[in-house]
1. Where the second residue is hydrophobic (A, V, I, L, M, F, W, C) and more than 10 Å from the ligand (Cβ to nearest atom) and the first is closer than 18 Å to Leu168 by Cβ and open to solvent by 10 Å² or more (accessible area, probe 1.4 Å) and lies in segment 105-122, which pairs have Cβ atoms under 7 Å and are six or more apart or on separate chains?
2. Please indicate, with yes or no, whether at least one residue in segment 136-150 is under 30 Å from Ala64 (Cα atoms), part of a strand (DSSP E or B) and in contact with an Asp or Glu (Cβ under 8 Å, 6 or more places away or on another chain).
3. Are there any helices (runs of 4 or more DSSP H) wholly within segment 1-104 with 1 or more residues that are touching a helix residue (DSSP H, G or I) at 6+ places or on another chain (Cβ under 9 Å) and open to solvent by less than 70 Å² (accessible area, probe 1.4 Å), and if so which?
4. Give just the number: which of (1) surrounded by fewer than 22 Cβ atoms within 10 Å (Cβ to Cβ); (2) of a type in the set (Gly, Ala, Ser); (3) not in a loop (DSSP other than H, G, I, E, B) does Gly352 not satisfy?
5. Tally the residues that are more than 15 Å from the ligand (Cβ to nearest atom) and of a type in the set (Val, Ile, Thr), restricting the search to segment 128-137.
6. Under the condition of being away from the ligand (no atom under 16 Å from the Cβ) and assigned to a loop (DSSP other than H, G, I, E, B), which residue from segment 358-370 is nearest to Ile161 (Cα to Cα)?
7. Filter segment 313-325 for residues that are without any contact (Cβ under 8 Å) to a residue 40 or more places away in the chain and part of a strand (DSSP E or B); which is most open to solvent (accessible area, probe 1.4 Å)?
8. Would segment 100-108 turn up any residue that is assigned by TED's automatic domain parsing to the domain that holds Asp145 and at pLDDT below 95?
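The values are calculated or read from the model by the stated rules, or taken from the named source; none is laboratory data. Just so you know, these numbers come straight off a predicted model, no measurement behind them. We place every Cβ from the backbone using ideal geometry, glycine too, and count neighbours over all the protein chains shown. With ligands, DNA and RNA removed, areas are computed over all heavy atoms of the protein, side chains included. Shrake-Rupley method; radii C 1.70, N 1.55, O 1.52, S 1.80 Å.
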Amino acid sequence: MADYGFSTLSVHAGAQPDPATGARATPIYQTTAYAFEDADHAAALFNLQVFGNIYTRIMNPTTAVLEERVAALENGRAGLACASGHAAQLLTFHTLMQPGAEIVAARQLYGGSVNQFSQGFAKFDWHTRWADTTDPDSFKRAITDKTKALYCESIANPGGIITDLEPLAKIAHDAGVPLIVDNTLASPYLIRPLEWGADIVIHSATKFLGGHGNSMAGVIVDGGTFDWGSGKFPTLSEPCPSYHGMKMWETFGDMAFAVATRVLGLRDLGPSLSPMNAFLVLTGTETLPLRMQKHCDNALVVARWLKANPKVAWVNYAGLEDNASYAMHQKYCPKGAGSVFTFGVKGGYEAGVKLVNSVRLFSHLANVGDTRSLIIHPASTTHRQLSDEGRIKAGAGPDVVRLSIGIEDSADIIADLVQALE
Ligand SMILES: *Cc1c(COP(=O)(O)O)cnc(C)c1O
């Protein structure tokens, strides 16, 4: 499989005709549990001596195809699918963190991730130090001896900033910690963070991988290259009491992180993906390259049009030549700068609210990465919980409008903005 091109992998990776029935599409294995061959087989499964299905909270054959597909698209070692992007983040840190440990994260993250890292994770006594995704040295300065990972988005939501991953990977590795990249907005069609030095990739597959705005899902991809033996990551290097003292890193090598996150994190925390949603996201991945290119092409046309519009104060899209992220766009994702970007409407908060109330083709909602064009005014919705200062730092000031450009005809998308801005 590894020799095939990206479009071929998008359609085929991980899948084959169903051995039992010949069904060509991957069946939805809508089952909770799997019959053991006999008591010895059951014992071997529970001891992790043989790998296989026990219970759908831990693995499922439909979900397994999705995991292999996304791992192939990201050129990683192993994948793990779960209930949502936030579940993917929770599971990842459950493997890496201990009480009192720290993450150094870009402050330019999806608003929900800022909440999760600063509020939800604090309940586990996990703490985040914030850095600036446009300034790699700010990550370096925030690292302490408690740091377990660096975290950023490849294309940052909602500012449309493209992160310079290469220096961040070096800073992480110099500190003996992995670089984890949320690749949701880029998708592996545009950027493959593992090839730039990242160690773990996170997806909200709810967005572009699924692509149709119909199912929640998350995927973690383990690059398989990080050395977990330093003692900083006891879950991976120390004897594991619930598997007879097995050491994950010693036993599973380059798949240790993916295996531990499944057999400890998914087992104990429980945010598993439903087989139905795995099927829907899997179907979405088949057209990922076609959709992403159309999303990006449309976004560039719309961004250029907005930039020339007198009612618009500014447009922040990395695909525009004068954008601060244009050089990073050329370096990391020359095929396109993604389809999610922000612009400032003249008239501030009031004008932003009026615009989202006036669109017809656009849907006013809190999502991105749908076939449909979407619009939101972050200050009054997704970034409401943050302080004024926090909102501005996260790229969500009062006049900011965020678009997720769909795959409709660009002329119709623009016509809707024309009438709504009137
Ligand atoms: C939506 C999103 C998430 C969270 O994913 P869910 O599937 O909604 O839990 C994380 N990161 C980014 C960049 C997102 O857009």
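1. Close Cβ pairs satisfying both conditions: Arg107/Trp130; Arg107/Ala131; Arg107/Ala394; Gln108/Ile161; Gln108/Ala394.
2. Checked against the condition, which is being under 30 Å from Ala64 (Cα atoms), part of a strand (DSSP E or B) and in contact with an Asp or Glu (Cβ under 8 Å, 6 or more places away or on another chain), segment 136-150 yields at least one hit.
3. 6-12, 61-73, 85-96
4. (1)
5. Here is the first cut: in segment 128-137, the residues more than 15 Å from the ligand (Cβ to nearest atom) are 129-132, 134-137.
Going one step further and asking which of them are of a type in the set (Val, Ile, Thr), we end up with 134.
Residues flagged as more than 15 Å from the ligand (Cβ to nearest atom) and of a type in the set (Val, Ile, Thr) within segment 128-137 amount to 1.
6. That would be Phe362.
7. It comes out as Trp314.
8. yes
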